[in-house]
Each structure stands twice: as structure tokens, then as C-alpha cells.
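Nothing in this text is a laboratory measurement; each read-out follows from the coordinates by a stated rule. None of these values were measured; they are calculated from a predicted model. Glycine gets a Cβ as well: all are built from the backbone with ideal geometry, and neighbour counts include every protein chain shown.
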Amino acid sequence: MTLANVRAGRRRQAGVLPGFRLSMAITLTWLSVIVLIPLAALAIRPWELGLDGVWRTLTDERVVAAFRLSFGAAAVAAAADAVLGLIVAWAIVRYRFPGRRLLDALVDLPFALPTAVAGIALTAIYAPDGPLGALLAHVGVKTAYSPLGVVIALTFIGLPFVVRAVQPVLEEVDREVEEAARTLGASDYQRIVRVVLPAILPAILAGVGLAFARAVGEYGSVIFIAGNLPMVSEIAPLLIVIKLEQYNYAGAAAVGLGMLVISFAILLVLNLLQTWLTRRSRG
Amino acid sequence: MSLIVNSVSKAFGRYPALADVSLEARQGEFLALLGPSGSGKTTLLRILAGLEAPDGGAVTFGGEDLLALSARERRVGMVFQHYALFRHMTVARNIAFGLSVRPRATRPSKAEIGRRVGDLLRLVQLEDLETRYPSQLSGGQRQRVALARALAIEPRMLLLDEPFGALDAKVRRDLRRWLRRVHDETGVTTVFVTHDQEEALDLADRVAILKDGRLVQIGEPQAVYNAPADAFIYDFLGGAVRLRGHVAAGVLAIGDWRTPTPDDAPQGGVDAFFRQDQAVINGVEGEGFLAAVKGMAQRGPAIRLDLEALGEPLELLLAAGEVPDFARPGGTVRIAPRQLRLFAAA
Amino acid sequence: MSGSSKIHLPGWAPLIVLLAIAGMVALVVLPLAMVFIQALGNGVDGFLEPFSEPDTWSAIKLTLIVAGISVPLNAVFGLAAAWAVTRFQFAGKSLLMALIDLPFSISPVISGLVWVLLFGAQGFFGPALDAMGVKIIFTVTGLVLATVLITLPFVARELIPLMQEQGADEEAAAMTLGAGGWTTFFRVTLPNVKWALLYGVLLCNARAMGEFGAVSVVSGHIRGLTNTLPLHVEILYNEYDFVGAFAVATLLAGLGLLTLLAKSFLEWRFAGEIAATRRH
């Protein structure tokens, strides 16, 4: 937004409600100081390494491994969230069972529980001597201190995004589309595949996008369970912390910028896909 | 102390909402702004209230420049289309709001405000509802609270935006008479916006008709109704029957019917209008244009006749006594309009 | 929703409900329970032990201070942004709204990193500030900046959809009745959005007190000085004082539960007065 635009807005609004200048000033100042200037620092800092240096930082095998883990685990976790989130939303919206309201409220727990707490709790559960970790270790699956542990933590973090995105749409479908389909003589399975799923697909995608975005950058719930082995279970945000501790600001900024650019690109694609799906299901 | 709107214009982006509108409302007058949606009538009302600033023109009240004042300073009572009652305040506190926000020096005492609120509640006949919240009221009651709230500041002018728009037909008719009574009691200059021509003609001292942001006619209801300035207004005021005709050498031809026209009538192709209830039904040998009777139904105290003339459907509303026995579905009649108005065909 | 419009999958309903419950228990409920189980692993005395240490109390105090500064700042910002966005038309509005949401899609670590890049020892302004004797990184100021960035959207996001829905008519009515801008704001706008504001503040506060990644980067982990509760949990955990870590974590878990409870209550009691997207 340019200042000229703001002035034009002001002129058009003259004489109506007061406070445009003040509220806009607070909003723009705060956004600039808290978001824009700091992010500008992130965008500028890496280039003191030169294009070459940035490229070398980002293609360093440890960085590549960390990126692969962060984006890969986030994608797997988001997919798991899509499945589990759909099941949970479906159960809450469609069925009446004891504890339904409690389940509904608990969905938001990953939002409300501080990530460090979630991190140590998940570690205690999935560690080789934890209740579920021991069970899984018995069948030869190592969860904590492996990429699988990272996926579990990220699935935990992302679950509410999918449930809360799907829930209202599913309720809507219930009321409108479905009765119509029933009067037209569609069977239950036909209705799910032809009516319900297409209608909630954009919502699932939106939820998955949010869960993915959150998972890529997640730190607190992951570092305890990951084990943080370089090349194996080291996530990209941890690499930033490590580089900072070595006072390698430019390197840390390069990794941060790389993360942002890649995740925005992925989110943009998801967004376009979602818009396309929504338009198709409406048209 | 009259309201004078002089050459006011307003555009939203590239869309002109008002173009060079001038009109006057006299002291104590009840003026209707009538027009279809998008005609600019609500924009004009919001400009009077100070909620919108015009791009050009002047608005004065009793000689004072209203545009120089903010909405807050104008002391203009506004009743919004959806009432805009303060949802978290009781009826009494809604009405008291305008008094209680005055600067301390001019603010009436608590007791005085209470007394004024009581008076207004009596005026709008809501004495027992003062502790209710807006969500607990019916549409008609909300409307009356909104009016009382606007009157509380002793406005020099009252503005009503589609005051009956959100109400059902019966409540609307009752409130309409009641509003007129309140206006006559208080004597406040009132401007109201409506798209309902019947409401405007019924209620207002004068009616200003807007179309596409322009003022097309202003006058007393009867004058406007009887002498619409153009085909659009004639049609818009309702109950209009339109026929295609042709004028040549002082004679109007509609189908096989010929009738003399006054000297100032337009020549060539014309749109001939008459009101649904202003026609005589004759036998096929009599005077008038030929029409086939398609159907017939009781509508209120009147009879609705569905006819077809010159290949087009038309509808008449006549008193039972005006419909002769031979006008039965399947039959053919001649229709002689009592008064025709001719406009050059568009 | 009428019962007859439900899908009848023979035998599927119990399966889906069971799957949902099992998934939620394994992924969500169990971790929560684990916090309390582990905290009480050495009995009540073991649970209480970390609370006898001054470091724990200074972490509690610091957490309250950081949230106490960040949340009001972002509440004021949220109100201003919601007023600007919902009460006026201007070019670039959707860009502005995207910017408000931006912190949600940035990694907490990056939200800490940017402040180090600006004010760290080798940051853009670090040396200059150092020369003036001003320190930001590894101080409370740094913690507040990181927390403010992380929690910036919470209040605005709750207010904008609600104020959009309510429209500006009531404010316009107040103006025509002679009320000034601030009177209108305090007597009309604020009462209309107070529950949504509380809702946003609640979520904002939960995140501010529980934030780990961003503050971890700017804190320097100085015990008793720049250690917030989540950071203190990490320190105890890394020192293999598991019971102590979980005991301190119960405070944060309790905060989370309290937030959930209050949130559910607001959604149930004031459904009409918070944003439509929150009404389940």
C-alpha cells in the first residue's frame, strides 16, 4: 500500500465516520515496525554472502537434508491430518455419541497447549520406554528420535486446522445439498462420493494448507522428539538456531528466507488449486 | 427555515449516483424521495444526514450551510432502513443516547432525560417496553424506537430511509398512518425515501421522483399522479396500462379504434397510457379498442379483468358495478379509456 | 439438522466414531495426560520441588510480564486494524489484510531470527545500539518483540469478520445523534465487540505465554533473567530433571486447558456476539 492510496481513501471517506487517519496510522505503523521492517531484514541479510554464497548455503548437504525433512514431514503430517481430521469432523458433525462435545472442545488443544509442553509430552509417550513407544518398538518401529517422531509431532500440531476448516462446510452440506440428493434417489455411497466429498474438498485443502504452513515452521513440539541428528532428524528451523549460535547471521537468514520462499510457493499452488476446486463445485 | 438542495452531484468511482439534483423542502413539509433502486435517493438522504459527502453542489437549511457541518453537528434525526438500534442498550437507553452524549454543559439532567424518554415512549406508544433490548422487539416496534431515538435530539429535520421496507403489509399500513400523525404533531420537516409509489403518494405532502441520479419530477401527489412528466413516471407510479398507437392529423389510432387528439399531442408513433381503473367497457359495437377477455378475479373490493389487446396482455381493476354482464372470459369487448396520456414512443 | 438427512452407513457409524476417538486419544489426550502423570512421577513432593526454586518463580514472573505487555499492544492494534478495514474503503485493503495474517505463516524461529538480524550483536542496528548502551536481544525487550510478532494477528482476526458482519450503521446512527468519535467507539462499537475482543485476547494470551520457538531465539536462556516458562521447561528437561520439567509444564498445560474452557464457554454463551466462523 502506498501513501497516495491512503490519501485517496481518506478523501473519499471525508465526512463519514471519524478515525480513518488514526486507525490507519496505528495499523500501518505497527505492521511496519513489527512485520515489514523485520522481514525486510530477513530478505536483505543473506545477500551479503553474494548470490554464490546463498546458493552454496542452501545446497549444503546438511541444509538440503533438513529442508527435505521439514517439507517432507510437513507434507506427510498434513496428509495424515487430512485423513484423521476428516474422520474426527465427520464423527462430530454426523453422529451423536456421549463425549461428543468434549471431543469437539479437545480438537483445539494443540492450539492451546504450548508447543514445548506438547514436545516433551509426545517424547515421553513415543520414547522407547514410553507407553506407545515401547509398543511400537516391540514391532520394530522406532518413533521418537527419528523422522517418524517428527511426523507425529507435526500431525499433532496440524490436526485442528483441518477439523475446523471441514466442520462448518460439512454442516452446510448436511443441510442443503444432501437432502436434495436424497430426494433424487441417490444411494448413501453415491451421495458421499458425488455430493459430499466434492463439496468439502476445497475445505480439506484449505485446512491442509494451513496445517502444512504451520508444520513447516514448527519448532517447539519437534525438537524434543526429533533427536536432532544431522542429516537424519534435524529440521530446518533448528538449523537456523544452530547457525545463529555460531553467529552466522547471513547463513541463518539464507535458510530462513529459503524456507519462506518455498513454503509461500507451495501455499500459492494450494490456494490456486482450492480456488479452482471451489469454482468448479459451484459451477 | 426550509431545506434547499442545490445542484448536488455524487459519483462512486465512475458510477454517477446523483447528477445535478436540486430541490426544496418547506418548513414542516413531509417530502418523499421516490424512485427505483439505484436512482440515488438513499445517497441523497445520506448526504443530507452528513453520512456521505457530495462531489459538488450545496445544501442549506434555513440559510445555514449544512455541508460545512459534520453529521454530528447537524442535529438531523435519521431513521435507518434496518433501524441501526444499539443492540446492547435497552429501549430507554437507545432513546436517551442522543441526550446523554451531549457535552456536559448542554446535557440535560438525569431526571430531565428520564422525563423526555418517558414522553417519547408515550408518543411512540411503547411505554411498557422501555427495559427490553432491540432483539426482543418486533420489526414495527423497532421502527418506532428508532423514530423516538431520532426525535429525542429535537432534530431540525427528520430523515427516514425506507421506513417501512422491512415490515409486512399490514404493519406497514398501520405505521404509515401513525407516522403521518406523529409528523403532524411534531411539525418537523421530514424527508423520507421509498421505492413504493403508493406509500409516497399516500403519505407525503410532495413527492420528488428520481431516476438514474436525476430528479425527474417534483410536486404534490395528485399533480404528479395526474400529470406525470414522462412515460417512465407514468409507468412507475403504478396501475398503468400502456398501448402502442399512432398519431396523424389530429387522430390517434389504436388498432382499429380512432379518436381525436388535442393539438399539442406528439405526432407519429406514441405510447398511450391510462390508469387501470379509468376505463369504460363497451360492447363490440361501441366505442374503444378491441380486447379479448381472458380471465376475471376478485381482488379486494375490485374486479380484476385479464384482457388481451393488440396481441399484448393487459389488466384492468374496476368496481363490480362497472363490469357489464357480457364481459365474461371468452368474450370480446371494447375498452374506452376515460383519459389517455400520450408520450412520443421511445 | 434433521435426523432423517443423516447418512446411514450400516455398521459404519460406530467405526468412524471409534476411529475418531482413538485418534484423538493417541494424538491429543494422551500427551495432555502424560504431562500430569510424569509431573507426579515422584509424588507430590517431587511435583512441588521446582516451585521452591527462585528460577521458576522468575520464569513465571517474566512470562506474565511479556504477555502483559504484548497482549494489550496487539489488542490495540487489532481494534485499530479492524476499525480501518471494516469501516472504510481504500485501495490495497486485501493486501493489508494479507499482511495482518502473515505472521501465522512464518516459522516461530524466523519470527525470532528477524529481531536478531536487526538488533543482534552483528545485526543492522546492533552495533549502533550497543554504542548507546541499549540492549534488545537477550533482554525482556527482545522477548516482547518476538512475542508481539508471533501473536499480532490474533485479536484482529476475531474482530474483522464480526465488525464486517455488524456493519457501520450503528456508528453512523450514533454520529447523527451527536456522539463524537471516541464516544461512539466506547459506547457503541466496543460493547458490540467485547466478547469477540475477549475471545481474541484469550487466544493471543495463550500463545504469548506458551510461545517457545521465537523467544528461544532472542532469549539467550539466561536463568532468572530472560527465561520464560516454556524456556524453563526446556532447560529442566535438558538437565534431565524430567519431573521438574513436567511439573512446570503442568502450569502451561493448565493455562491451555483454562483457555479451552473459557473459549468453549464464549462460543456457547455468546455465539451471536463473536465472529460467525467461530460458532460451531
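General remarks:
- Listed pairs C:Lys93/C:Lys263; A:Lys142/C:Lys263; B:Lys10/B:Lys211; B:Lys110/B:Lys170 exceeding 26 Å between Cα atoms: C:Lys93/C:Lys263; A:Lys142/C:Lys263; B:Lys110/B:Lys170
- Additional length obtainable on full extension of the chain from B:Glu73 to B:Ala253, 0.36 nm per residue less Cα span: 58.8 nm
- Computed FRET value (nearest 0.05) for A:Phe97 with C:Asp55, which takes r as the C-beta separation and R₀ as 60 Å: 0.85
- Over chain C, dividing the summed -39,500 (n - 2.57) contributions of all DSSP H runs of at least 4 residues by the number of residues returns a 222 nm mean residue ellipticity of -22000 deg cm²/dmol.
- Cα gyration tensor shape for chain A, rounded if a/c is under 1.5, else prolate or oblate: oblate
- Selected from B:Asp161, B:Asp264, B:Asp277 as most flexible by GNM, with chain B as the system and alpha-carbon contacts under 10 Å: B:Asp264
- Footprinting exposure proxy ranking of B:Ser9, C:Ser216, fewest other C-beta atoms within 10 angstrom first, gives B:Ser9, C:Ser216.
- Estimated [θ] at 222 nm from DSSP helical runs (n ≥ 4, -39500 (n - 2.57)) normalised by residues in chain A, nearest 500: -24500 deg cm²/dmol
- Using the Cβ-Cβ distance between A:Tyr189 and A:Leu273 with R0 set to 25 Å, the FRET efficiency works out to roughly 0.45.
- The modelled label-to-label distance for the pair B:Ala320/B:Asp306, using points 7 Å beyond Cα in the direction of Cβ, is 2.2 nm.
- The distance linking segment B:267-333 with segment A:111-154 is 86 Å (Cα centroid to Cα centroid, whole angstrom).
- Relative contact order, percent, chain B [alpha-carbon distance under 8 Å, six or more residues apart]: 16 percent
- Structure-based [θ]222 nm, chain B - -39500 (n - 2.57) summed over DSSP H runs of at least 4, per residue, nearest 500: -7500 deg cm²/dmol
- Remark: B:His82, B:His183 ranked as B:His82, B:His183, counting other beta-carbon atoms within 10 Å and listing the fewest first.
- Cα-only radius of gyration and Dmax that characterise chain C, units Å: 22.7, 75
- Calculated FRET efficiency for the pair C:Phe265/C:Asn238, C-beta based, R₀ 56 Å, to 0.05: 0.95
- Note: relative contact order over chain C, using C-alpha pairs below 8 Å and six or more positions apart, is 29 percent.
- For segment B:239-344, the relative contact order is 31 percent, taking Cα pairs closer than 8 Å that sit 6 or more residues apart in sequence and dividing their mean separation by the residue count.
- The lysines whose alpha-carbon is closer than 22 Å to the alpha-carbon of C:Lys135, local same-chain residues fewer than 8 away aside, are A:Lys243, C:Lys61.
- For segment C:195-260 versus segment C:122-145, the inter-centroid distance based on Cα atoms is 23 Å.
- Cα shape, the protein assembly as shown, gyration tensor, a/c 1.5 rule: prolate
- Listed by chain and number, the aspartates and glutamates whose alpha-carbon sits under 14 Å from that of B:Lys41, ignoring those within fewer than 8 places in the same chain, are B:Asp20, B:Glu52, B:Asp161, B:Glu162, B:Asp196, B:Asp212.
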